[in-house]
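Visitor: Below you will find the structure I want to go over with you.
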């Protein structure tokens, strides 16, 4: 097993090089918003055929994000990430930091129904559908002699990729449900193509109100399915897979400021033929609505 092939196993599902996209449990669709998000993801890989070859990968992203409403039925979301990638393998440690790929999404509100009645439960529903584009703003400078391993180590993917997304929200009085599905269609750069990615999330929450503050603990599930990577249009062996993660978090709103955090832990997975394992993930955001 060469080093280049081994690094592929470690990086295929990292969510860094392949431009992972995660919207979060409760996006602010009713107002304009802007904020910062921090997230981390960690993975351990060990080859089944040779346990002396291993990788421990830790990926962090600090992201500027925002959403702007256009009239009542349209919204534009934007994400500008900066990635911090660190890997420790049997050959030593490697760090690669830099700006990532910018993502823009346009959303359309199919329906927004709210029923407020003092004598009964307050109920509401929203459904947004959207499409987006990921631009190759992050560095992507591959070594042609080690194309696969160098492609996986970049903070960008080098390609213009596309997203399809839908978000449904339901609330009954102080209880709520938020679900989101994303499908990311990746393109080829330097003869290398990251596999397409499908993500589905569902979060349930309960809101508690205290004067101008609202506290909303939430719990949810995240499902991911990754298609195999391709080199020169040929699928690369032992790449792709799927996983299911449980998540728990809290959203705290103070007037126009929202602070949110959540932790995600794997419940079931089969990535790279079982050779790569998810570890703990987490996210923190600070958002201003206006």
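Visitor: Distance in nm between label sites at residue 90 and residue 50, each 7 Å beyond Cα in the beta-carbon direction?
Guide: With each label placed 7 Å out from Cα toward Cβ, I get 0.6 nm.
Visitor: I'm spelling it out carefully: the read-out is semi-axes √(5λ) of the Cα gyration tensor in Å, the candidates are (i) 40, 20, 16; (ii) 36, 19, 17; (iii) 29, 27, 18, and one was derived from this structure. Which label?
Guide: Identified label for the calculated read-out: (ii).
Visitor: With a 10 Å Cβ neighbour count serving as the proxy for reagent exposure, in which order, fewest first, do 269, 235 appear? Spell out each step's value before the answer.
Guide: Working: 269 17, 235 14.
Fewest-to-most Cβ neighbours within 10 Å comes out as 235, 269.
Visitor: Right, here's the next one. Going by how many other beta carbons lie within 10 Å of each one, how would you line up 116, 226, 267, fewest first? Show your work: numbers first, answer last.
Guide: Working: 116 9, 226 24, 267 14.
Exposure proxy ranking, most exposed first: 116, 267, 226.
Visitor: Quick one: among 67, 176, 124, which has the greatest mean-square fluctuation in a GNM of the chain with alpha-carbon springs under 10 angstrom?
Guide: Looking only at 67, 176, 124, the largest GNM fluctuation is found for 124.
Visitor: Limiting things to C-alpha atoms, what are the Rg and the maximum Cα-Cα separation (Dmax) for region 139-290, in angstroms?
Guide: 19.0, 62
Visitor: What FRET efficiency would be calculated for the residue pair residue 62, residue 123, taking the C-beta separation as r and a Förster radius of 41 Å, to the nearest 0.05?
Guide: Numbers: r = 37 Å, r/R0 = 0.91.
The calculated FRET efficiency here is 0.65.
Visitor: A further question follows. Given points 7 Å out from each Cα along the Cα-Cβ axis, report the residue 214 to residue 70 separation in nanometres with one decimal.
Guide: The two pseudo-label positions are separated by 2.6 nm.
Visitor: I'd like the FRET efficiency for residue 252 and residue 191, computed as 1/(1 + (r/R0)^6) with the beta carbon distance as r and R0 of 41 Å, rounded to 0.05.
Guide: Values: r = 47 Å, r/R0 = 1.14.
Calculated transfer efficiency: 0.30.
Visitor: Still on this model: With a 10 Å Cβ neighbour count serving as the proxy for reagent exposure, in which order, fewest first, do 43, 68 appear?
Guide: Details: 43 26, 68 14.
Ranking 43, 68 by Cβ neighbours within 10 Å, fewest first, gives 68, 43.
Here, each number is a calculation from the coordinates, and none is a lab measurement. None of these values were measured; they are calculated from a predicted model. Every residue, glycine as well, gets a Cβ built from its backbone with ideal geometry; the counts of neighbours run over all protein chains shown.
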